[in-house]
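Trainee: One structure, as structure tokens, below. Some questions next.
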């Protein structure tokens, strides 16, 4: 549906370089990156607010270069929502139909359906200023979808909300997206949001695409150290591949040895990346299992968190594990206690070290 | 003296200055002279002329100021800085100098051609409107630009994604949201035009029953040592001006302190 090819866009002193990205029909694609990575520049280029220096943006096969914003077929929900403060909710929702001169009979059934699906029926005669944060989000979402866009652009739309409201709206958006087969480009710096809502992910850093793919692939197997750091991989340690046999690599990390899946290019010096939720802790030995890495480790600290606690271990190298509070109590984890840290070989991801 | 006390004292000093000036008129206030002046045909003509000319000048100024202010607020274009700087020109240059410049312009070949083929400005009603228009335009643009700056450009982008053309987005989103600034700009431009003297006298002169606006009438009365008549006309001008400012406050609420 959306194809971006070799796109370069300048915004002041910043330049977004050589971006390639494709979003299929009915797919939600998240563009992830920290502030200043170029997410907004990319969004503005797709919107048509910023001209591109080179490259191409196509939507449903049509080149958008000379297409004005109003004819691009976009639904847009910005971070500040962009609700028109001088109009009622009803007038906000029907703005698109009036702007396009669409008769009420044509747009009203869809608006009614979306209003019912999002539960904003009681708000129609109110002004945006009188709505709560969550209500405003729903109105913004319905307005963006009511124009039946070919592509929905969401620019960090849930950032200002508290955690429970955000999750509630994630569910709502995911339901709407799947039910209506919406094609969505989600701009966010929130890893959890991107993981929850998207099918595929593009990671932008310093104006360049550094990784792109299925979300599980990107989260589990970051392609570069900076991606792993941005994705917040808990354990990221330098290591050295000492042997590769039958597709398995043996890696020295600190004083420990780990078994990982070998991949082309991961030889010699590497960075070992292990997500905290891939580490299992066990006390008092245990039966034989398929797990390739069972490391004796000493608990250094247990950091509180919700819903998971973060356990810092010394396993010959600093290792972090996420566990639930009941598990922590059952294992009686406290500093100084010795445990076995179990990590499956596929959960040990090796990143080639550059430089 | 605390900061609170000293600043409040300064605020009250402003009131004392202007209020004192108005109250000091009472010394020469003569009921009969006021009645005579207010009821005279010449005064009524001056009031009518001032109201019509100021309304026309403020309307014309806004017709140009709205698009100009929008461009200054939204677009980056060559000469933008220059336009932005020149807005203060009527404030820096005295109204008399501005009027003199207009008069000089109408004495050059292009000005003469305009006078002969388009409209006669010098010593005419059109000259009054032009002098007031030139005096208030810069202020109107500055006020409106501030109003447009306060409307997030993103709302227009959203409107356009919803199918609005740039023009439709301007008229249905930007302009309604800038309406307070629009009303304030009109009323202030109108009030400033109403009290305009220097430029008017240069371009249109002081012809009784022809180009005699209220400020010109005040000047002429004072020049002929008719203090009571002067006071009466000042009271008329002050009443109209204060009524306009009061209307601004009522229309805009306390948020805009005109």
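Trainee: Could you pull out the residue among A:295, A:271 that is assigned to a strand (DSSP E or B), under 30 Å from the mean Cα position of the chain (by Cα) and in contact (Cβ under 8 Å) with a residue 24 or more places away in the chain?
Mentor: That would be A:271, the only listed residue that is assigned to a strand (DSSP E or B), under 30 Å from the mean Cα position of the chain (by Cα) and in contact (Cβ under 8 Å) with a residue 24 or more places away in the chain.
Trainee: Another question, if that's okay. Output the residue which, of all residues in segment A:52-63 that are assigned to a strand (DSSP E or B) and away from chain B (no Cβ under 14 Å), is nearest to residue A:183 (Cα to Cα).
Mentor: Residues of segment A:52-63 assigned to a strand (DSSP E or B): A:54-59, A:62-63.
Imposing the further condition that a residue be away from chain B (no Cβ under 14 Å) reduces the set to A:54-58, A:62-63.
Numbers: A:54: 24, A:55: 22, A:56: 19, A:57: 15, A:58: 14, A:62: 16, A:63: 17 Å.
Checked segment A:52-63; the qualifying residue nearest to residue A:183 (Cα to Cα) is A:58.
Trainee: When residue B:122 is evaluated against the numbered criteria (1) in a helix (DSSP H, G or I); (2) within 30 Å of residue B:241 (Cα to Cα), which criterion, by number, is the only one it fails?
Mentor: Of the numbered conditions (1) in a helix (DSSP H, G or I); (2) within 30 Å of residue B:241 (Cα to Cα), the odd one out for residue B:122 is (1).
Yes/no matrix, rows are residues, columns are (1) in a helix (DSSP H, G or I); (2) crowded, with 21+ Cβ neighbours inside 10 Å:
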position	(1), (2)
B:175	yes, no
B:183	yes, no
B:188	yes, no
B:202	yes, yes
B:206	no, no
B:222	yes, no
B:225	no, no
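Trainee: So residue B:180 passes all but one of these: (1) within 14 Å of another protein chain (Cβ to nearest Cβ); (2) modelled with pLDDT under 90; (3) more than 25 Å from residue B:61 (Cα to Cα). Which condition number does it fail?
Mentor: (3)
Trainee: Taking the residues in segment B:158-171 that are surrounded by fewer than 21 Cβ atoms within 10 Å (Cβ to Cβ) and within 10 Å of chain A (Cβ to nearest Cβ) as candidates, determine which candidate is farthest from residue A:71 (Cα to Cα).
Mentor: For segment B:158-171, the residue satisfying everything is B:168.
Trainee: Could I ask something else about it? I'd like the full set of residues that are in contact (Cβ under 8 Å) with a residue 12 or more places away in the chain and facing chain A (nearest Cβ under 7 Å), limited to segment B:146-157.
Mentor: Within segment B:146-157, just B:155 meets the criteria.
Trainee: Take the residues in segment B:72-96 that are touching a helix residue (DSSP H, G or I) at 6+ places or on another chain (Cβ under 9 Å) and free of Cβ contacts under 8 Å to residues at least 12 places away in the same chain; name whichever of them is nearest to residue B:196 (Cα to Cα).
Mentor: Taking segment B:72-96 and keeping what is touching a helix residue (DSSP H, G or I) at 6+ places or on another chain (Cβ under 9 Å), we get B:72-74, B:77, B:80, B:83-84, B:86-91, B:93-96.
With the extra rule that they be free of Cβ contacts under 8 Å to residues at least 12 places away in the same chain, the set shrinks to B:77, B:80, B:93.
Numbers: B:77: 33, B:80: 28, B:93: 14 Å.
Here the residue is B:93.
Trainee: Just to be sure, is residue B:187 in contact (Cβ under 8 Å) with a residue 40 or more places away in the chain, in contact with a helix residue (DSSP H, G or I) (Cβ under 6 Å, 6 or more places away or on another chain) and under 15 Å from residue A:86 (Cβ atoms)?
Mentor: no
Trainee: While we're here: Go through segment A:64-140 and tell me which helices (runs of 4 or more DSSP H), entirely inside it, have 3 or more residues that are more than 8 Å from chain B (Cβ to nearest Cβ) and within 26 Å of residue B:178 (Cα to Cα).
Mentor: Values: elements: A:89-93, A:95-100, A:104-118.
Answer list for segment A:64-140: A:89-93.
Trainee: Being closer than 30 Å to residue A:145 by Cβ and either at pLDDT below 95 or more than 14 Å from every other protein chain (Cβ to nearest Cβ) (or both) is the requirement here; does residue B:193 meet it?
Mentor: Answer is no for this residue.
The values are calculated or read from the model by the stated rules, or taken from the named source; none is laboratory data. Values in this document were obtained by computation on a predicted structure and should not be read as measured data. Backbone-built Cβ (ideal geometry, glycine too); neighbour counts: all protein chains shown.
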